[in-house]
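Asker: My questions will all concern the structure given below.
The values are calculated or read from the model by the stated rules, or taken from the named source; none is laboratory data. Everything quoted here is computed from the prediction, not taken from an experiment. Note: ideal-geometry Cβ built from the backbone for every residue, glycine included; neighbour counts use all protein chains shown.
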Amino acid sequence: MLQQLSAQDASFIYQDTPATPMHVASVAILDPSTSPYGPLTLEAVMGFYEERLHLMPAARRRLVNVPFGLDHPYWIEDAGFDLEYHVREVGLPAPQDWQALYTLAARILSRPLDMSRPPWEVYLIHGLHRLEGVPEGCVGLLFKTHHCAIDGASGLEMALALADLAPEMAPVPPPEPWRADPVPDDGELLIRSWGNALLRPLQIAEFLATAAPAAPALSESMRQELPQATPVPKTRFNAPVSAHRVVGFERFPLDEVRAIKNEVAGATVNDLALTLCGGALRRYLQEKIELPDDSLLAMAPISVRKPSAEYGQGNAVSAMFVTIGTHIEDPVERLKHVRDATSAAKQMANAVGADTMLRYNEFMPAAVSNLAQRLTTEFARANQAAPAFNCSITNVPGPQVPLYTMGCRTVTTIGYGPVTHNMGLIMPISSYCGEFTISFTSCRDMIPDPDFFMACIRQSFEETRTAALGSGAVADAKVAAIAKDYSHMAEAALTEVRAARAKAFGS
């Protein structure tokens, strides 16, 4: 059955170029010592995904384009689907350390997906036994999919449904019979586009009727906030990107993160995440003698996915724009600044409703949207556009209980996102089982020294921890108290995982 992409889903296709492939990815490091099924092999991974294809909504779907780009593309169930093409096996090259893993992941991320097939790939990575800080014998599982098919929230929802809560794999409900779709001809697609065009005025009228009551609140919010706005400074991350990627990540105890944020009234874990990224960027740009006087501006995605939304489907994301305090040296003062900035950004988003802002895109004709996205990309590639923001920082909290894949315990996960011309740095942040992770993806020309950038992240955390908690026994006592306060979160995490599985299994 044909299913049309939303305007937001389609926008990621329109931005796609050889230098800016718009896919997202994650690496899960798995410990096979917990598995009752023996070593993890390519055949085992193939069998795992084959049994669960019906839990991956886009697994067997490929895109078909409307002639002349008159409307957004459609998904069809691909008659030529070949699982062996999508599931692959690689070995980590010598010296088989973290840097080798980062380099391998960066190379895989640099390659665009084949958009004539269902847009996803899985890589089983062997040879992770020398990675410092993880158990002996670990393997990696890199999942890469196009952003048009998934966002952070839908991706997490799908990951929770695919995982198990114990080494023994739970039975998976059988799928409904699967049927491939006939490829629609150009005439059928053009008729559909004309029908959509006829309905658009009615949809716009309905939208305006629902959005009008929010206009006064939005106007007042903008009046209060816009006079304080300053131009977005241009940095090394706001230039054309090459096709080459660089990646990395750092891990911290989640209890320490919670203890730090509690030292500033009203601050959230997300506020602290933005603060830590701001501190890392301040140090990195300071070392390059490139630190702007004004604060860098980050785009922070906001999930507007409703609980009733269809399982694992597409994107439902709005955004807020937050100054991350790179102009402030003191970490605690930077956290206070970010707390106030996110509060103001949320007030503006709430004034009109984040999902309402998202719906504006649906009423732009597809041909105009396609052309606008491609022109914007070309202007950015030619370095002719001022930056709208400096970087993207996205936080997707994960479950705080151990998860198992094919009997292997998930040790840690690393998130990666796309970069574009004029926005060459994205920092995905996640939490899992007591661990808080800051990852980054950038252009290799913009961060030629990823080890130093990771050191900047570590130093930002240590400086913020010391400034907020002090050191020694006092700091340790504050962290221990937080650990006790959050001990009840395990049951909430189990409920979250069970809900995701029930939604995926239709029960």
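Asker: For the stretch 420-433, what are the residues that are modelled with pLDDT of 95 or more and either of a type in the set (Gly, Ala, Ser) or not in a strand (DSSP E or B) (or both)?
Answerer: Listed by number, the list holds a single entry, Gly424.
Asker: What are the residues in the stretch 466-484 that are at pLDDT below 80 and surrounded by 13 or more Cβ atoms within 10 Å (Cβ to Cβ), if any?
Answerer: Keep residues of the stretch 466-484 that are at pLDDT below 80, which gives 474, 483-484.
If the condition is that a residue be at pLDDT below 80 and surrounded by 13 or more Cβ atoms within 10 Å (Cβ to Cβ), then Ala483 is the only one that fits.
Asker: I would also like to ask the following. As an exercise: evaluate Ala106 against (1) surrounded by 19 or more Cβ atoms within 10 Å (Cβ to Cβ); (2) touching a helix residue (DSSP H, G or I) at 6+ places or on another chain (Cβ under 7 Å) and give the number of the one condition it does not meet.
Answerer: Result: Ala106 passes all but (2).
Asker: Quick one: which residue in Asp451, Asp445 is exposed (fewer than 15 other Cβ atoms within 10 Å of the Cβ) and assigned to a loop (DSSP other than H, G, I, E, B)?
Answerer: Values: Asp451 fails: assigned to a loop (DSSP other than H, G, I, E, B).
None of the other options fit; the residue is Asp445.
Asker: Could we say that Pro177 is touching a helix residue (DSSP H, G or I) at 6+ places or on another chain (Cβ under 9 Å) and not hydroxyl-bearing (Ser, Thr, Tyr) here? Walk me through it before giving the result.
Answerer: Numbers: touching a helix residue (DSSP H, G or I) at 6+ places or on another chain (Cβ under 9 Å): no; not hydroxyl-bearing (Ser, Thr, Tyr): yes.
Answer is no for this residue.
Asker: Looking only at the stretch 104-162, how many residues end up being part of a helix (DSSP H, G or I), among the hydrophobic types (A, V, I, L, M, F, W, C) and out of contact with any Gly (no Cβ under 7 Å at 6 or more places or on another chain)? Explain how you work it out, then say what you get.
Answerer: From the stretch 104-162, those part of a helix (DSSP H, G or I) are 104-110, 152-162; that's our starting set.
Okay, now just the ones that are also among the hydrophobic types (A, V, I, L, M, F, W, C), so 104-106, 108-109, 153, 156, 158-162.
After this cut, where a residue has to be out of contact with any Gly (no Cβ under 7 Å at 6 or more places or on another chain) as well, the list is 104-106, 108-109, 153, 159-162.
Adding up the residues that qualify gives 10.
Asker: Does Tyr284 fit the bill of being on the phi < 0 side of the Ramachandran plot, at pLDDT below 95 and of a type in the set (Phe, Trp, Tyr)? I'd like the intermediate steps shown before the answer.
Answerer: Numbers: on the phi < 0 side of the Ramachandran plot: yes; at pLDDT below 95: no; of a type in the set (Phe, Trp, Tyr): yes.
Answer is no for this residue.
Asker: If I filter the stretch 41-54 for residues that are among the hydroxyl-bearing types (Ser, Thr, Tyr), in contact with a Pro (Cβ under 9 Å, 6 or more places away or on another chain) and touching a residue at least 40 places away in the same chain (Cβ under 8 Å), do I get at least one hit? Explain how you work it out, then say what you get.
Answerer: Keep residues of the stretch 41-54 that are among the hydroxyl-bearing types (Ser, Thr, Tyr), which gives 41, 49.
From what's left, in contact with a Pro (Cβ under 9 Å, 6 or more places away or on another chain): none.
Among the residues of the stretch 41-54, not one is among the hydroxyl-bearing types (Ser, Thr, Tyr), in contact with a Pro (Cβ under 9 Å, 6 or more places away or on another chain) and touching a residue at least 40 places away in the same chain (Cβ under 8 Å), which makes the answer no.
Asker: Wholly within the stretch 20-97, which strands (runs of 3 or more DSSP E) include no fewer than the required count, namely at least 2 residues that are of a type in the set (Lys, Arg)? Break it down stepwise before answering.
Answerer: Numbers: elements: 23-31, 61-64, 74-77, 87-91.
Ranges flagged: 61-64.
Asker: Let me ask something additional. Taking Arg305 and the conditions (1) assigned to a loop (DSSP other than H, G, I, E, B); (2) at pLDDT 95 or above; (3) on the phi < 0 side of the Ramachandran plot; (4) surrounded by fewer than 23 Cβ atoms within 10 Å (Cβ to Cβ), which numbered condition does it fall short on, given that it satisfies the others?
Answerer: (2)
Asker: Determine whether Val87 is within 20 Å of Met406 (Cα to Cα) and out of contact with any helix residue (DSSP H, G or I) (no Cβ under 7 Å at 6 or more places or on another chain). Don't jump to the end; show me each part of the working.
Answerer: Working: within 20 Å of Met406 (Cα to Cα): yes; out of contact with any helix residue (DSSP H, G or I) (no Cβ under 7 Å at 6 or more places or on another chain): no.
No; evaluated as a whole, the condition is false for this residue.
Asker: Failed condition for Ile76, given (1) in contact (Cβ under 8 Å) with a residue 40 or more places away in the chain; (2) of a type in the set (Val, Ile, Thr); (3) within 27 Å of Thr420 (Cβ to Cβ), with all others met?
Answerer: With (1) in contact (Cβ under 8 Å) with a residue 40 or more places away in the chain; (2) of a type in the set (Val, Ile, Thr); (3) within 27 Å of Thr420 (Cβ to Cβ) applied to Ile76, the lone miss is (3).
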